[in-house]
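Data block below; observations after.
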Amino acid sequence: MDDLNVSKLNLADISVKKKKKTRLQRLKRDFNRGKYVYLMLAPVVLYYLIFHYWPMIGIVISFQDYIPGTGFFESPWVGLKHFTEFFQSFYFWRLMKNTFLINFWLLIFGFPAPIILALLLNEVRAKWFKRGVQTVTYIPHFISIIVIVGIIKDFTATDGMINQLREILGKDSLQFLQFPEYFRTIYVTSDIWQTIGWSSIIYFAALSAVDPNLYEAASIDGAGRFRQMWHITLPALRPTIVIILILTIGNLLSTGFEKILLLYQPLTYETADVISTYVYRKGIEGSSFSFATAVGLFNTVMNFALLIAANRISRKISENSLW
Amino acid sequence: MKYKPTVIDRVFDIFVYITLSLLMVVTFYPLYYIFVASISSVSEIAKHGSFMFWPKGLTFETYQAVFQNSFILKGFRNSIFYVVVGTSINMIFSIFAAYALSRKWLKGRKIIMMMIVLTMFFGGGLIPNFLIVQKLGMFNTVWALLLPGAISAWNVIMMRTYFLGLPDSLEESARIDGANDFQILFKVMLPLAKPILAVMVLFYGVGHWNSWFSASIYLQNRELWPLQMILREILIQGRVADFGGSGATVTHQVAKNLKYATIIVSTIPILLVYPFIQKYFVKGVMLGSLKE
């Protein structure tokens, strides 16, 4: 009896040991199998830790009075001082309004533009014409923002194209970039010019997956070109449109920073100054590191909240979502 | 009964062609005008203004001035350096990341994927990044332009999707032949991934060529400035006088002409590679991004 018990116990013991061993072995085997792949991943992970996750830790300085040249945890803590200072400052509402309005108009006019372009291109039968339109409209995407702003400045100058047209119409020439009321128009119009072609690629790609038989069947059923576009092409684009819309909303408050920085001037701050450019002026030019980080954090959090909200709404309404 | 095109369809067709033609003109004319004006004489530009459809008073003097300018030449050389070295770093990192994250059997790949995707929507922001580049001692060195943006998450996801689309049997048979992962990646996968590699090189390369913001906050030493920084002085800050050649008084018109020529010189390299890679765009974008 005793012997039997002992042997049972031993058996149980052994089986536990065996299981443990196999788990360890499995881990070892998995590691061995992937050792070269982990070697490839090492610099990638290191890069993300240093240049993306370390800065995230650096956000803590927005709760301190950061002393330049020290570590992120060595300066005195001040709680929400910089946030309240920002919320109570004269600039807060102006920045909120400007950031919102520029992006609102960009969303209203800039977002549908490439969709319309893709729809129109889809109606073109002549291959050479299609290619021509694509080749030309992609070009601005590859031109540097410095050159683009240079062109905008040149065309809106007193002796530029727009003022030449105004002269023909008998109107005075205006230095458009010095008037706050024209800034948003200039910004949004030039943005559409820059991005319409390139942004349409993604829709165009989605259309190439549409079965041509659908159009044939529709035309046999007596549907005209416009109805085909409405009932076949547009529904085919819907998932792509929704995803791009969510992504656009999620990046709404951070876009266009470089362009505004190059295009605005103190005379037009009234409508042109947005949160990100304010962070730049305060932080990089003014060296108020903690304050600027707090404002930047506010911007990032707002962005993130917008993304989550857009995703949730879209999941409810259209069953399309990022996650 | 088969549907026959109606009058409305014809009108619709005409509308489509006219709209798209207009779009082409509006997109192309500004660029074309700058080219035309850059090789026209100063007095003709003054006379015709923004409406010139072919060069008048053909001259290449401004280009001579541009190519004799030591700042522009140095900027050009620096930019080529940033493009070549920067893109190489980008490609090595991205290829490794994409290959690793597309190995379905790899333990931990989901966590790392999430770690990468999160950075697309959340980050430390401008100031912490700036402070870290300073802490790392990269301020005022070329590394400040090469390392902080070494990987673009979008591009990694695009390339990863491409790798996921290649058949598993490729990897398996190579492994049976005794190949390790480096050999599988470089000898089996990459030769099959040429379209996506071409698109990546173009995206990263153009990104470096056009980049100016990092240089403007990290580089105080003008000797290291890329061409875009010189362009900023000429086009945005209007400091043309320093670039107008020795002792010459630079009139407003000459300054304008000089601007056009520098725009062309800085944009030509991109427009030269553009047609060769254009055929891959749709392919690349289609493969990438949206599908998980």
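Please treat every number below as a calculation from the coordinates, not as lab data. Since this is a predicted model, take the numbers as computed values, not measurements. Please note: Cβ atoms are built from the backbone with ideal geometry, for glycine as well, and neighbour counts cover all protein chains shown.
Of the trypsin sites (Lys or Arg not before Pro) in region A:110-158, the ones in a loop by DSSP (not H, G, I, E or B) with at most 14 other beta carbons within 10 Å are A:Arg125.
Overall shape of region B:178-243 was characterised from the C-alpha gyration tensor. The equivalent ellipsoid obtained from it has semi-axes of 41, 13, 8 Å, in decreasing order.
The charge dipole of region B:1-59, taken about the Cα centre with unit charges on the Cβ atoms of Lys, Arg (+1) and Asp, Glu (-1), comes to about 160 debye, rounded to the nearest 20. Between B:Thr59 and B:Ser40, B:Ser41, the built amide H atoms are under 5 Å apart, and every one of these is 5 or more places off in sequence or on another chain. Once the Kirkwood radius over Cα pairs is known for region A:41-98, the Stokes-Einstein relation at 20 °C and 1.002 mPa s delivers a diffusion coefficient of 157 µm²/s. Working note: Karplus 6.51/-1.76/1.60 with θ = phi - 60° gives region A:236-252 the couplings 5, 7, 4, x, 4, 4, 5, 4, 5, 5, 4, 4, 4, 5, x, 10, 3 Hz, where Gly and Pro are set to x. At q = 0.08, 0.09, 0.15, 0.16 Å⁻¹, what base-10 log of I(q)/I(0) does the Debye formula yield for chain B when every alpha carbon is treated as an equal point scatterer in vacuo? With no solvent term, the Cα-only Debye profile gives -0.53, -0.65, -1.18, -1.25. Seen from a random direction on average, the alpha-carbon convex hull of the protein assembly as shown projects onto 40.5 square nanometres. Each of A:Tyr215, A:Ala113, A:Phe129 was placed along the dipole of region A:90-318 (beta-carbon charges, centred on the mean Cα), and the one lying farthest toward the positive end is A:Tyr215. Note on chain A: with a GNM built from Cα contacts shorter than 10 Å, the maximum mean-square fluctuation among A:Asn163, A:Asn251, A:Asn299 falls on A:Asn163. Across peptide B:175-187, the mean count of Cβ atoms from other chains lying within 10 Å of each residue's own Cβ comes to 2. Separation of region A:198-263 and region B:125-161, taken as the distance between their Cα centroids, equals 33 angstrom. Sorted from greatest to least, the principal axis extents spanned by the alpha carbons of region B:1-59 come out as 65, 16, 14 Å.
The phi torsions of region A:85-94, fed into the Karplus equation with coefficients 6.51, -1.76 and 1.60 and a -60° offset, translate into couplings of 4, 5, 5, 8, 6, 4, 6, 3, 5, 4 Hz, rounded to whole numbers, with Gly and Pro shown as x.
Only helices enter the 222 nm calculation for chain B: every DSSP H run of n ≥ 4 contributes -39,500 (n - 2.57), and dividing by all residues gives -21000 deg cm²/dmol, rounded to 500. Couplings 3J(HN,Hα) for region A:267-281, derived from phi with the Karplus relation 6.51 cos²θ - 1.76 cosθ + 1.60 (θ = phi - 60°), are 5, 10, 3, 3, 10, 9, 6, 10, 4, 5, 6, 5, 4, 4, 5 Hz, where x marks Gly and Pro.
Ratio of chain A's C-alpha Rg to 2.2 N^0.38 Å, to two decimals? Dividing the Cα radius of gyration by 2.2 N^0.38 Å gives 1.46.
Longest stretch of chain A clear of exposed loop sites (GluC sites (Glu not before Pro), DSSP loop, at most 11 other Cβ atoms within 10 Å, sites excluded): A:75-318. Backbone amide hydrogens, once placed in the peptide plane, bring A:Gln64 within less than 5 Å of A:Val78, excluding anything fewer than 5 places away on its chain.
Assuming a ≥ b ≥ c are the square roots of the Cα gyration tensor eigenvalues, decide whether region B:1-150 counts as rounded (a/c under 1.5), prolate (otherwise, with a/b larger than b/c) or oblate. It is oblate, given that a/c is not under 1.5 and a/b is not larger than b/c. Sites listed here are chymotrypsin sites (Phe, Trp or Tyr not before Pro) in region A:29-90 whose DSSP assignment is loop and whose Cβ has at most 15 other Cβ atoms within 10 Å: A:Phe73, A:Phe90.
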